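Colleague: Before I ask anything, here is the structure I am working with.
The values are calculated or read from the model by the stated rules, or taken from the named source; none is laboratory data. For clarity, every value in this text was computed on a predicted model and none was experimentally measured. So basically every Cβ, Gly included, is an ideal-geometry build from the backbone, and we count neighbours across all protein chains shown. Heads up: the accessible areas ignore ligands, DNA and RNA and are worked out on the full protein's heavy atoms, side chains in. Shrake-Rupley method; radii C 1.70, N 1.55, O 1.52, S 1.80 Å.
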Amino acid sequence: MPRIIEGFRAAHDGRPPHLVIHIGMAATRQYYAVETVAHREGYKHTDVDGQFGIPFDPSLPERLQPGVPTPSDSASTSESTDKVKVVPSPLDTGFLQTWRKSLPAGRSIDVRLSHDAGHYLCEYIYYTSLSMAWEENRPRAALFLHVPGWTDKASVEMGVEVVVGLVRAMVESWIVETDA
């Protein structure tokens, strides 16, 4: 994950991304779900190499979710010259309603919030992303979207609509224009 962020920064004058969406398949689910929280510990399953992943620094919070940094999060702060301000908030029913309104009209697409990312690779990736933002004292504007295991053309097209709607919901809910 850090390589991905560093590659992004190299291509964008050293700046981190404003918004991040990770996507993983949850083949047992028949709906799309945005995870609301990620945990530092408690991973139950190993990866394909039999590893649990690199342990997180125990000084990191036990649980992380989208949000803005607080003075106690980190000693470092930075001034932004961006034309937008990112103000993520924890995911709630208001965010879910905004996401649902951002989906195509007339389509019945089951989108939900989930409080259980699975304590496996998806949650590990999500926690890694949120913890990097926490350590850098920047907004934790990252989401993890679990998608069903459907692979037919119509389902993939519906998945695209879900992701586009999610981006719209993130922008509507978390982005504020500034005078910078």
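Colleague: Of all residues in the range 9-29, count the ones that are small (Gly, Ala, Ser) and under 26 Å from His119 (Cβ atoms). Explain how you work it out, then say what you get.
Modeller: Taking the range 9-29 and keeping what is small (Gly, Ala, Ser), we get 10-11, 14, 24, 26-27.
Checking the rest, the ones that are also under 26 Å from His119 (Cβ atoms) come to 24, 26-27.
Of the residues in the range 9-29, 3 are small (Gly, Ala, Ser) and under 26 Å from His119 (Cβ atoms).
Colleague: Please go through the range 134-150 and give me each residue that is farther than 15 Å from Pro58 by Cα and either among the polar types (S, T, N, Q) or more than 11 Å from the chain's Cα centre (by Cα) (or both), ordered by number.
Modeller: In the first step, residues of the range 134-150 are kept if they are farther than 15 Å from Pro58 by Cα; the result is 136-150.
Passing the criteria: Glu136, Asn137, Arg138, Pro139, Val147, Pro148, Gly149, Trp150.
Colleague: For Val156, state whether it is over 15 Å from Ile21 (Cβ atoms) and at pLDDT 95 or above. Lay out the reasoning, then the answer.
Modeller: Numbers: over 15 Å from Ile21 (Cβ atoms): yes; at pLDDT 95 or above: yes.
For Val156, the condition - over 15 Å from Ile21 (Cβ atoms) and at pLDDT 95 or above - is met.
Colleague: Now, a different point. Test Leu64 against the criterion of being over 16 Å from the mean Cα position of the chain (by Cα), open to solvent by less than 90 Å² (accessible area, probe 1.4 Å) and modelled with pLDDT of 95 or more, and give yes or no.
Modeller: Judged against the criteria, Leu64 is not a match.
Rundown of residues vs (1) modelled with pLDDT of 90 or more; (2) among the hydrophobic types (A, V, I, L, M, F, W, C); (3) open to solvent by 80 Å² or more (accessible area, probe 1.4 Å), yes/no style:
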residue: Ile5; (1), (2), (3): no, yes, no
residue: Ala11; (1), (2), (3): no, yes, no
residue: Ile23; (1), (2), (3): yes, yes, yes
residue: Ala26; (1), (2), (3): yes, yes, no
residue: Ala38; (1), (2), (3): yes, yes, no
residue: Thr46; (1), (2), (3): no, no, no
residue: Leu60; (1), (2), (3): yes, yes, no
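Colleague: Same structure, new question: Which one is modelled with the lowest pLDDT, of the residues in the range 88-106 that are exposed (fewer than 14 other Cβ atoms within 10 Å of the Cβ) and assigned to a loop (DSSP other than H, G, I, E, B)?
Modeller: Gly106
Table: residues versus (1) open to solvent by less than 40 Å² (accessible area, probe 1.4 Å); (2) part of a strand (DSSP E or B); (3) farther than 11 Å from Trp99 by Cβ; (4) free of Cβ contacts under 8 Å to residues at least 24 places away in the same chain.
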{"residue": "Ala133", "(1), (2), (3), (4)": "yes, no, yes, no"}
{"residue": "Phe144", "(1), (2), (3), (4)": "yes, yes, yes, no"}
{"residue": "Gly149", "(1), (2), (3), (4)": "yes, no, yes, no"}
{"residue": "Ala154", "(1), (2), (3), (4)": "no, no, yes, yes"}
{"residue": "Val160", "(1), (2), (3), (4)": "no, no, yes, yes"}
{"residue": "Gly165", "(1), (2), (3), (4)": "yes, no, no, no"}
{"residue": "Ala169", "(1), (2), (3), (4)": "yes, no, no, no"}
{"residue": "Ser173", "(1), (2), (3), (4)": "no, no, no, no"}
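Colleague: Inside the range 107-127, can you point out the residues that are open to solvent by less than 20 Å² (accessible area, probe 1.4 Å) and closer than 21 Å to Ser59 by Cα?
Modeller: Glu123, Tyr126, Tyr127
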